[in-house]
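The values are calculated or read from the model by the stated rules, or taken from the named source; none is laboratory data. Given the structure is predicted, the values throughout are model-derived calculations rather than measurements. Heavy atoms of the whole protein, side chains included, go into the accessibility calculation; ligands, DNA and RNA do not. Shrake-Rupley method; radii C 1.70, N 1.55, O 1.52, S 1.80 Å.
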Amino acid sequence: MNVIEQQEEWAELAVAAGPVGVTEQRVRERVAEWERRLGDPDDPENPAGFRALLAADERAEPAEGAVAVLHEGGFGAELVPVELGGRFERADVLARVLRPVFRRDVSLGFGHGITSLFAAAPVWAAGSPGQRRRLARLLLDGRPVAIAHHSLAHGNAMWQGEFRAVADGDGYLLRGRKDVVINADRAGAVVVYARTGQQGGSHSVLLVDPAEAVGALTVLPRRISTGLRGCRFAGLEFTDLPVPEDARVGPDGEGVRLALRTFQLNRTLIPAVVVAAADTVLRAAARAASGPRHRALLAGVFADLLVCDAMATAVLRALHLLPDSAHLGAAAVKYLVPDLLQEDVEELSTVLGAAGYDRAGGPGSLQKLLRDLPAASLGHVGTAACQAVLIPQLPLLARESWLRADEPPAALYAWEEPLPPLDLGGLGVAGGTDFLAATLTGAAARLRARPPAGPDGVALAELAGVLAEELSAVRERALALPADSAAALASPSWCALVERYALLAAAGAALGGWEARRGGGGFPADPAWPALALSRLARRLGLPVPPPSADCVRRVHDEVLERVAGGRSLDLYDTPPAGGGVQ
């Protein structure tokens with residue numbers, strides 16, 4: 001079956017099934033199909049294997065063999081809504097489908113995956129039917145789409161520079177320059193955030209076709225980055241390019257609000273997919289470690305991965321279920337998870353030792369990942385952007401939501417259950433309730449009333465209580481601090497409070513995920529993993545909690561070894577990667 005026939009089949013299935021017709025079995029089949037297509041990453045002859053990907057990174061070039069595998073499999077359809085002939089219908093499913101790519105290479109996942117989705121998101125949210133069809137055709141054909149963000153103060157190179165669109169008859173004249181744009185030199189379309197108001201005024205989103213900009217568009221020389229070396233970063237400079245009014249996406253002056261809506265998907269998807277990259281390193285470390293000496297480290301990192309996955313998955317599902325409140329969770333998960341995973345990967349380097357820097361492949365991916373993760377999370381600018389979302393809202397949450405809000409619907413943590421359609425244009429950008437904090441307080445009360453059997457169950461109940469008490473302390477601190485938004489954004493006290501809040505939100509997600517499986521069997525229902533996870537979160541908060549029991553650590557460590565030996569993923573879904581496991 002060729003790509004066109006495959007796309008037509010997906011479109012027919014989408015119409016028949018409807019926007020929420022995907023089943024868990026179909027999701028697992030899609031993930032397994034991408035694992036099969038991408039092949040065994042340890043195979044030295046595999047164009048999408050570690051050896052080929054690291055060689056491409058050495059050359060600072062895209063791994064064209066792996067790109068071809070994605071194109072031949074119709075990967076662009078994963079980024080296109082089902083009503084436009086693609087396969088994108090659920091945010092949490094998209095993360096799972098992307099993980100086979102990120103398990104192998106973060107650069108490949110960004111350069112030939114989610115960057116195009118981030119560019120297309122405002123068009124999916126607010127574009128005209130013609131704009132949506134145009135981008136869908138590009139992505140279904142395997143063409144990348146670039147995004148030129150609006151400028152941020154103190155941003156890194158990707159966020160510096162600015163475009164301005166000056167009114168000209170029924171359209172605009174686009175001018176300005178950005179030196180760092182992913183896929184600028186090969187994009188089939190560019191989504192541009194351009195200032196359309198006066199100095200300090202509003203922005204609009206413009207959909208630009210580079211092929212129609214000859215003479216007014218200069219593609220600047222490619223830049224080689226420290227991280228994501230396999231991505232093609234180049235610059236764009238527009239010199240009074242005429243842009244018709246019908247190229248504007250959404251209303252004039254709504255660019256920032258559109259960004260605030262669509263960035264919620266971006267912020268949550270990145271942490272959800274880099275969990276797979278950390279999975280690869282933990283898998284390699286588990287194979288390299290011997291004896292009980294590394295038991296606590298491997299078990300602890302695994303518990304962290306499960307917490308990160310629980311938090312990201314809950315927020316991805318909240319985009320569907322709690323559209324007025326998802327912006328809070330999106331900022332919290334993007335603030336916390338990349339740094340937490342970076343810390344864990346650095347810890348695992350002590351186990352891998354010199355093997356982590358072997359350029360032949362396998363564990364050698366560690367060196368590359370240590371460079372790619374900060375770039376993927378946008379480093380300081382990513383942290384600052386999330387703080388800018390959370391700090392102004394913490395006082396309101398302290399007054400009206402924490403310890404008062406109703407808990408979220410059970411479907412938020414029923415990870416394998418269907419969801420209502422995703423409406424990116426309908427996402428809220430302020431207000432709402434804190435569903436992760438509400439989960440923490442609700443779960444702590446239930447555990448206090450009915451602790452699980454056994455020492456680990458008792459420990460889990462006690463840890464949940466300690467963390468719920470800490471939320472009360474954070475609330476009191478938020479109510480006491482001066483809440484002037486301009487001063488608060490630069491206040492060390494507020495920034496420290498964001499850190500504490502994000503760790504508590506992660507605890508709520510872990511408890512919500514575990515409670516949803518408490519009545520089942522096997523490892524997901526075992527209180528050992530949330531007990532270990534919450535103890536690590538509590539220690540990061542500096543809370544005086546006892547260490548986890550040796551039996552708790554042993555049970556979580558045994559699960560790591562069993563999954564690695566059985567070729568199963570080290571995430572919530574426990575699925576088999578290609579080649580009997582990415583080992």
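From the helices alone, meaning DSSP H stretches of at least four residues, give me the mean residue ellipticity at 222 nm for the chain, per-run term -39500 (n - 2.57), in deg cm²/dmol to the nearest 500.
On the way: 20 runs with 308 residues, N = 583.
So the helix-based figure for the chain works out to -17500 deg cm²/dmol.
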To the nearest Å², the heavy-atom accessible area per residue of the chain with 1.4 Å probe amounts to 36
Could you tell me how many degrees, from 0 to 90 and to the nearest 10, lie between the Cα long axis of helix 435-449 and the main elongation axis, the longest principal axis, of the Cα atoms of the chain?
-> 10
Which value, in Å² rounded to 10, gives the accessible area of T239 with a 1.4 Å probe and all protein chains present?
-> 90
Taking Cα pairs closer than 8 Å and at least 6 residues apart, the relative contact order of the chain in percent is 16
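Report the equivalent ellipsoid semi-axes for the chain in whole Å, largest first, defined as the square roots of five times the eigenvalues of the gyration tensor built from alpha carbon atoms.
On the way: eigenvalues 271, 168, 98 Å².
That gives 37, 29, 22 Å for the three semi-axes.
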Per-residue SASA entry for D406, accessible area with 1.4 Å probe, Å² rounded to 10 = 130
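Roughly how many percent of the accessible protein surface of the chain is carbon and sulfur, given a 1.4 Å probe and a whole-percent answer?
On the way: 11200 of 21100 Å².
Within the chain, the accessible surface is 53 percent carbon and sulfur.
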Report, to the nearest 10°, how far helix 115-126 tilts away from the longest principal axis of the Cα atoms in the chain, using its own Cα long axis and a range of 0 to 90°.
-> 80
Of the DSSP beta bridges with both residues in the chain, give the percent that are antiparallel, rounding to the nearest 5.
-> 80
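Hull surface divided by four, with the convex hull built on the Cα atoms of segment 78-191: how many nm²? Walk me through the intermediate numbers first.
On the way: hull surface 33.4 nm².
Here the figure is 8.4 nm², rounded to one decimal.
Where does each of H203, H112 land when they are ordered by accessible area, with a 1.4 Å probe and the largest first?
Numbers: H203 15, H112 40 Å².
Listed by decreasing accessible area, they come as H112, H203.
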Rounded to 10°, Cα long-axis angle of helix 550-566 versus longest principal axis of the chain = 50
Does segment 223-276 classify as rounded, prolate or oblate by the C-alpha gyration tensor (a ≥ b ≥ c root eigenvalues; a/c under 1.5 gives rounded; else a/b over b/c gives prolate, otherwise oblate)?
-> oblate
Rounded to two decimals, the Rg over Rh value of segment 379-516 from Cα coordinates and the Kirkwood Rh reads 1.00
